[in-house]
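**Q** Have a look at this one before I ask anything.
The values are calculated or read from the model by the stated rules, or taken from the named source; none is laboratory data. Here the structure is a predicted model, which is why all the values come from computation and not from measurement. FYI the Cβ positions are ideal-geometry reconstructions off the backbone, even for glycines, and counts take in every protein chain you see. Heads up: the accessible areas ignore ligands, DNA and RNA and are worked out on the full protein's heavy atoms, side chains in. Shrake-Rupley method; radii C 1.70, N 1.55, O 1.52, S 1.80 Å.
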Amino acid sequence: MSIVAITREVSPGVERCELTHLERGRIDYELAVEQHRLYVDCLVELGCDVVQLSGDTELPDCVFVEDIAVVLDEVAILTRPGAASRRAETPAVRAALEPFRSLEEIREPGVVDGGDVLVVDRRLFVGLSTRTNESGLEQLSGLLEPYGYEVLPVEFDSCLHLKSAVTRVAERTLLIQQEWVDPGRFAGFELIPVDPTEPHGGNALRLRDTVIYADGFERTRGRMEAHGLKVCTVDQSELKKAEGGVTCCSLIFEGRERD
Ligand code: GLY
């Protein structure tokens, strides 16, 4: 089965990105483009068929495609992103997903960012945040219940998206920043806490038997490796300033064409 990764070029307007928890700092666009190219190379090396969408100067956050859809085996949900500035990112992602999945969508007044949705098998842990509201969560639940998915709300704080605080790194293992999200929500999983000196180290992207992870969290990386995980690091110094992480920059799914 092929694995598809939808990615999108960094916007030349990335310096105007949305920011929630960070002060605005200068983003080196050329360096961001180069770092994103290496990230895409990493996806290709790990076996993905990459569909790279064009960037758009008017869509500063468009590189963060994860927020625009939740892609499951049976269906993809277009999310209606929580930041109004990001809603025009949807048409390109819709067009890219159409060959692969039937599509549903979150409607007003619901909002959801894909970064708030942690999928583990038939469960979706959904962070309630500045980007994802109760209506969005209820709509997700209604759309996915017929497919046998359970949607579970999760409170968290101190970061933009749930997946800044907790991500899946192996079949039954989560990487977690326990200061920001209650580990009790994830009973039954093996938890790897981020190193206390690396509070922003909770975002990792599991792809087959490898974990793609940002440079700069050496102690947390060591914790994952001590659990037997193979970790491949990428430099994301520029997109970090836009509150992006490794999961944000792709939508990864099995590449079955729709019936
Ligand atoms: N800059 C990423 C976001 O706020 O959506």
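**Q** Can you confirm whether THR90 is open to solvent by 10 Å² or more (accessible area, probe 1.4 Å), touching a residue at least 12 places away in the same chain (Cβ under 8 Å) and in contact with a helix residue (DSSP H, G or I) (Cβ under 7 Å, 6 or more places away or on another chain)?
**A** Here the answer is yes, as THR90 does meet what is asked.
**Q** Another question, if that's okay. Suppose we keep only residues that are of a type outside the set (Ser, Thr, Tyr) and under 16 Å from the mean Cα position of the chain (by Cα) within the range 20-41. Which one would you say is nearest to SER250 (Cα to Cα)?
**A** My answer is VAL40.
**Q** Turning to a different aspect of this structure: Of everything in the range 69-83 that's closer than 13 Å to GLY136 by Cα and not small (Gly, Ala, Ser), which residue is nearest to the ligand (Cβ to nearest atom)?
**A** Per the stated criteria, the residue is PRO81.
**Q** Report, by residue number, each residue of the range 1-46 that is out of contact with any Pro (no Cβ under 8 Å at 6 or more places or on another chain), open to solvent by 30 Å² or more (accessible area, probe 1.4 Å) and part of a helix (DSSP H, G or I).
**A** GLU30, LEU31, VAL33, GLU34, ARG37, LEU38, ASP41, VAL44, GLU45
**Q** OK, next. Is at least one residue of the range 62-70 acidic (Asp, Glu), surrounded by 16 or more Cβ atoms within 10 Å (Cβ to Cβ), more than 16 Å from ALA5 (Cα to Cα) and within 15 Å of the chain's Cα centre (by Cα)?
**A** Looking for residues that are acidic (Asp, Glu), surrounded by 16 or more Cβ atoms within 10 Å (Cβ to Cβ), more than 16 Å from ALA5 (Cα to Cα) and within 15 Å of the chain's Cα centre (by Cα), one finds none in the range 62-70, hence no.
**Q** Still on this structure, I have one more. When you scan the range 197-259 for strands (runs of 3 or more DSSP E) that lie fully inside it, which ones turn up with 1 or more residues that are within 21 Å of VAL65 (Cα to Cα) and of a type in the set (Val, Ile, Thr)?
**A** Qualifying strands (runs of 3 or more DSSP E): 210-214, 230-234, 251-254.
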